[in-house]
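First the structure, in the form of structure tokens, and then the observations on it.
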Amino acid sequence: MTRIFRTRWDLVEQRDMVEVSFNGKFVQMGIVDEFSLDGDFVWLLDPLGERRLIHAHDGYDLVKLDR
């Protein structure tokens, strides 16, 4: 997979594969299930199919992965 560093949250789309980090440390990888148009949050599906809500204002970074 190719990494595209620090994706703007308002540019992710459904079914994008992303990596989430906090303070430079890996948190989670998943597929964008839903997102807000203003870039405030995304819902991610992890490899087990569980959903997690991630908020941009909590300090997380997204890295879009090219599959």
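Any read-out appearing in this document is the output of simple, stated calculations on the displayed coordinates, not a laboratory observation. Every value quoted in this text rests on a predicted model; they were computed, and no experiment measured them. Backbone-built Cβ (ideal geometry, glycine too); neighbour counts: all protein chains shown.
With the crude spin-label approximation of a point 7 Å out along Cα→Cβ, what separation in nm comes out for His55 versus Glu13?
Each label point is offset 7 Å from its Cα along the Cβ direction, giving 2.8 nm.
Which of the peptides 49-56, 13-20 is most tightly packed, and how do the rest follow, going by the mean number of other Cβ atoms within 10 Å of each residue?
Ranked by mean Cβ neighbours within 10 Å, highest first: 13-20, 49-56.
Among (i) 2.29; (ii) 0.96; (iii) 1.40, which is the computed Cα Rg over 2.2 N^0.38 Å?
Identified label for the calculated read-out: (ii).
Going 7 Å from the Cα of Asp66 in the Cα-to-Cβ direction, what parts of the range 20-57 have a backbone nitrogen less than 12 Å from that spot?
none
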